[in-house]
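Novice: Right, I'll just put the structure down here and ask away after.
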Amino acid sequence: MGKKISNNEKLNILENTIKNQIVGQENLIENLLVCLLADGHMLIEGMPGLAKTTAAKAIADGIDGDFHRIQFTPDLLPSDLIGTEIYTHETGSFTFREGPLFNNIVLADEINRSPAKVQSALLEAMAERQVTVGHKTYKLPELYMVLATQNPVEQEGTYSLPEAQLDRFLMYVVVDYPTLEEELKIIDLDEKKIKGDKKKELLVTTSQEEIFAARREAHDMHISDALKEYIASLVIASRMPEKYDVQLAGWIMHGASPRATLALIRSSKALAWLRGDEYVTPSHIQTIAPYVLAHRIIPTFEAEAKNISRKEIVSRLLEVVAVP
């Protein structure tokens, strides 16, 4: 396949900026860029200390835009995210003061530390790119991306995200522990930081217009009608597993929504563009499907009792649905 250049080179610069700050985590870095290209939001889950926050900061460093980190805590209020109306005594009127959601890249750190009331405050912002305060609606920036991190729900003091909010995230990525080789590289990187051996380089950022141009190119990637039908079949199989596989029927309680179909198409196009390919192939769809579908599927109690993960369910879906 022929390789693209132009805006792809700018995304390569952004990718290198992230890689300079993170050891390993290749899947996370690639998925961050796919999510950015597909104009979506990402939920990153993993144990503490696995570079979730660092990854979000790294992508923000490489983009010419505003970044804000919100540390979610049990006492956080919706107004702490959205903003509030302040009474100005001199004018005798109320003025809206924007909250931290009015930035290009928003890091919702440990989102599951706050109750559902606060989590749901993100819904309108993520879905509609706007917030409503009183009777007025305020638009968010055109380049807008929410990166949320969470610790595993088994830990104390956490609240499971409601399904409606999970569905708003384009992608869901679970971060694993580093390998021995990566752990040694982390030690070397930390020692260099302690010694102050940083050799500051001039940081080359990717402009918002360059990202918008890359998004347009990714959107125009060719995907055949057969592959569109393949994607739709994968999603429908999650809703009607009994028609495809007896085992799946015992694992899935509720399948994915039509939003999953659109997310798969957008993400597959973005992945194909990012890798420099000329069109979408079944391989692109199968690579991205676990990150787009898993969090949208609700497993049965039987699957949970057998410790069948959502990723395993998606893997089974990919096995039973015929590839065109």
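Novice: Where does the chain land at 222 nm, in deg cm²/dmol rounded to the nearest 500, when only DSSP H runs of n ≥ 4 count, each adding -39500 (n - 2.57), divided by all residues?
Specialist: Only helices count here, giving -13500 deg cm²/dmol.
Novice: Sticking with this structure for a sec: Give me the distance in nm between label points sitting 7 Å out from Cα along the Cα-to-Cβ direction at residue 262 and residue 302, one decimal.
Specialist: Between residue 262 and residue 302, the simple spin-label model gives 3.4 nm.
Novice: How high is the relative contact order of the stretch 50-180, given as a whole-number percent (alpha carbon pairs under 8 Å, six or more residues apart)?
Specialist: Taking the mean separation of contacting Cα pairs over the length of the stretch 50-180, I get 26 percent.
Novice: Residue 84 to residue 160: extension gain in nm, 0.36 nm per residue of separation minus the Cα-Cα distance? Intermediate values should be presented prior to the final figure.
Specialist: Details: separation 76, 0.36 × 76 = 27.36 nm, distance 2.67 nm.
Full extension of this stretch gives 24.7 nm more.
Novice: Let me ask something else about it. Just need the relative contact order of the stretch 15-75 here, percent rounded to a whole number, with Cα pairs under 8 Å and 6+ apart.
Specialist: Here the relative contact order equals 40 percent.
Novice: Hey, fewest Cβ within 10 Å first, where do 267, 233, 120 land in order? List each step's numbers first, then the result.
Specialist: Details: 267 26, 233 18, 120 14.
Least to most surrounded, the residues fall as 120, 233, 267.
Novice: Could you work out the relative contact order of the stretch 218-320? I mean the mean sequence separation of Cα pairs under 8 Å and 6+ apart, divided by the number of residues, in percent. Don't skip to the answer; put the middle values down first.
Specialist: Details: 134 pairs, mean separation 35.5, N = 103.
Relative CO of the stretch 218-320 lands at 34 percent.
Novice: How much space per residue, in cubic angstrom, does the convex hull of the C-alpha atoms of the chain take up?
Specialist: Once divided by residue count, the hull of the chain is 175 Å³.
Novice: Report Rg(Cα)/(2.2 N^0.38 Å) for the stretch 218-320, keeping two decimals.
Specialist: Normalised by 2.2 N^0.38 Å, the Cα Rg of the stretch 218-320 equals 1.08.
Novice: Also: According to the Cα gyration tensor, what semi-axes, each the square root of 5 times an eigenvalue, does the equivalent ellipsoid of the stretch 7-195 have, listed from largest to smallest in whole Å?
Specialist: Rounded to whole Å, the semi-axes are 31, 19, 16.
Novice: Want the number for residue 222 to residue 243: 0.36 nm per residue separation, take away the alpha-carbon distance, what's left?
Specialist: Length difference between fully extended and current span is 4.6 nm.
Novice: Label points 7 Å out from Cα along the Cβ direction at residue 120 and residue 212: separation in nm?
Specialist: The two pseudo-label positions are separated by 3.4 nm.
Novice: Sorted by mean Cβ packing within 10 Å, highest first, what order do the peptides 181-188, 295-302, 28-35 take?
Specialist: Values: 181-188: 12.2, 295-302: 17.6, 28-35: 23.2.
In descending order of packing, they fall as 28-35, 295-302, 181-188.
No value in this document is a laboratory result; all are computed from the given coordinates. Since the model is a prediction, treat every value here as computed from it, not as a measurement. So basically every Cβ, Gly included, is an ideal-geometry build from the backbone, and we count neighbours across all protein chains shown.
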